[in-house]
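Each remark here refers to the structure printed beneath this line.
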Amino acid sequence: MRLRLQLGLLFAIAGVLASCQREDRILRQPPPANDILNTIQISGLNPGANSIPTPPSSNMYQESAYAVSEGQKLFEQYNCVGCHAHGGGGIGPPLMDRDWIYGSEPGNIFATIMQGRPNGMPSFRNRIPEYQGWELAAYVRSLAGLLPKEVSPNRPDQMNVKPSESSTSEQKPTGITGVPEQHK
Amino acid sequence: MPLRFLVQAMPLDPGHHHVLHPAAPQAGHIEWLYWITFWILFAVFVLMIVAFAGAAAKSGVVADHPLPILEKDEEGDRRASWGVASAVGITVITLFVILVLSVVSGKRVEGLTSKNPVTIQITGHQWWWEITYPNSQADQTITTANEIHVPIDTPVVVLTNSTDVIHSFWAPSITGKRDLLPGYSSAFWFEIDKAGIYHGQCAEFCGLQHAHMGFSIVAEPIDEFQAWQQQQLKPASAPSNAEAVRGREVFLTHACLMCHTIRGTDAGSRFGPDLTHVASRNMIAAETLPNTAGSLAGWIVDPQRIKPGTEMSPNPLAPDDLQSLVIYLQSLQ
């Protein structure tokens, strides 16, 4: 009985602690690191063995609901919607499906935003601060349903991301797999 | 010197920011309503206290006999019910009088008589005010921020809107509050008698920096207003020295141009305040800081320290880049 009570308390505390970061608002950003971009690889094909370090796959901004909704605001403001619409795509590829040409890890998306990609994606390096790149990356992942429900903006003004009725297999993130995925 | 410092540290000079110091006919109507309501309620308060004190003095309750024996007193009962009925009647009449006065002054504040007003579009943003002087010709439209210039003795029609949340436009010495609702355009008007600078403030809680969302109204004679208009219509002046040329380069190659407009350059984003004539304004960051080189530099490098949560992103520029940028911005008269 006593043990069960203790366990229950422990789980309650763990639950509270786990949801803490959701409400974190980083208002004064840490100074940017200069060489983050150089550590992000686009594909797993390396010249030589391990010449490029592994990319940072975690994005601290995607744990905060505030940062993700800031990303949502920036997505509109920096006219990402001009090509990607509100995730549905248009001139640019859709962002709410499971196909990723350049990888779906936070680091991949960040690199895509900062470096630009062939066929039209412009480079935002030196145009936007790095933390905004990460906020955008977090929001883009939320479009595809890759973020936990509690941090994704739950009242989007535009299309809502929901799995379709007929979908059977679970959506899985696709990371760096060696070969860039083909856009179907 | 200490006095001057104090005045500078208090941008909201109470002399120009007070319901009881009206500078416009509408604020005068509001002040009139305020005082008349004040004196009526003051009289009610005094009467209440007197009646209460009288009742307390007349009471027959003594310490030995806390509960007096009640006898049937029809005459006294009748008098008491007359008293209660007349008190209720007077209360209703008083409230009705206040209601009528309120409707009358509301009508006076709303009614626009002139057919030749100046029109301004005010759009609320988190946390600044976008001010546009619309014109049917696009190149005759003025866009500025946080500092509203108006001619004196001329009605000013204000069209309102908001891009994000509900804000409220309130210049206490000019007129009443008006909410700016996102996606809903409404209009009101005001007119100012006396030339001067009047301060205002967002009066509807709108997020982290609600308290630092101020604006000012510069009321000036019509010729000065027109001169200001002519100056604002010009595109940004070309940089006159090497330092300013470099500053413009810094502006156009960093994050600045993602949000701000400087007409006459490639920077054309409408997300932040228009900076074409930023040096002509008295204050920056929605009346938060005086427009000096020091505050500009501080605001550019670390805005999140000055207004935590603001949309302005920090810009860790190299010192000489920052210096040039500030010199360029200060040249934008």
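All of the numbers you see were taken from the coordinates with simple rules; none came from a lab. Everything numeric in this text was worked out from a predicted model, so none of it was measured. All Cβ positions, glycine included, derive from the backbone under ideal geometry; neighbour counts span all protein chains shown.
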Most fluctuating residue given options B:Val100, B:Val46, B:Val218, as computed from a GNM of chain B linking Cα atoms under 10 Å: B:Val46
Cα-projected label distance for B:Val97 with B:Thr253, points at 7 Å along beta-carbon direction, nm: 7.4 nm
Residues of the range B:189-220 with backbone N under 18 Å of the label point set 7 Å from the Cα of B:Thr37 along Cα→Cβ are B:203-204
Stretchable slack from B:Gln333 to B:Ser269, in nm (0.36 nm times residue separation minus alpha-carbon distance): 21.1 nm
Using only Cα atoms, what is the ratio of the radius of gyration of the range B:242-330 to 2.2 N^0.38 Å? 0.98
Separation between the B:Ala87 and B:Gln140 pseudo-spin-labels, each 7 Å from Cα along Cα→Cβ, expressed in nm? 6.6 nm
Per the 1/(1 + (r/R0)^6) rule, R0 = 56 Å and r from the Cβ atoms of B:Ala242 and B:Arg108, FRET efficiency to 0.05 is 0.45
Fully extended, how many nm does the chain gain between B:Val50 and B:Gln226 (0.36 nm per residue separation, minus their Cα-Cα distance)? 57.4 nm
How would you rank B:Glu249, A:Glu105, going from fewest to most other Cβ atoms within 10 Å of each one's own Cβ? B:Glu249, A:Glu105
Among A:Met60, B:Met48, A:Met114, what is the fewest-to-most ranking by other Cβ atoms within 10 Å? B:Met48, A:Met60, A:Met114
Net charge, A:Trp134 excluded, C-beta distance under 13 Å - Lys, Arg +1, Asp, Glu -1: -4
A:Cys83-B:Glu75 pseudo-label distance in nm [points 7 Å out on the Cα-to-Cβ vector]: 9.9 nm
Work from the charge dipole of chain B (Cβ charges, +1 for Lys and Arg, -1 for Asp and Glu, about the Cα centre) and give the residue of B:Asn282, B:Ile93, B:Ile174 farthest towards its positive end. B:Ile93
Once the Cβ-Cβ distance between A:Lys149 and B:Lys234 is put in as r, and R0 is 45 Å, what FRET efficiency do you end up with, to the nearest 0.05? 0.30
Running a GNM on chain B with Cα contacts under 10 Å, which residue among B:Ala242, B:Ala171, B:Ala293 ends up with the highest mean-square fluctuation? B:Ala242
So which helices of chain B fit the span-like rule, where a helix is a whole DSSP H run, its Cα atoms reach 27 Å or more along the axis, and its mean Kyte-Doolittle is at least -0.5? B:25-58, B:74-110
Between the range A:61-98 and the range B:239-282, the Cα center-to-center distance that results, in Å: 27 Å
Going from the fewest other Cβ atoms within 10 Å to the most, one would list A:Cys83, B:Cys206 as A:Cys83, B:Cys206
Chain B: C-alpha gyration tensor shape, a/c 1.5 cut-off, then a/b vs b/c: prolate
What does the average come to when, for each residue of peptide B:249-258, you count the partner chain Cβ atoms lying within 10 Å of its Cβ? 2
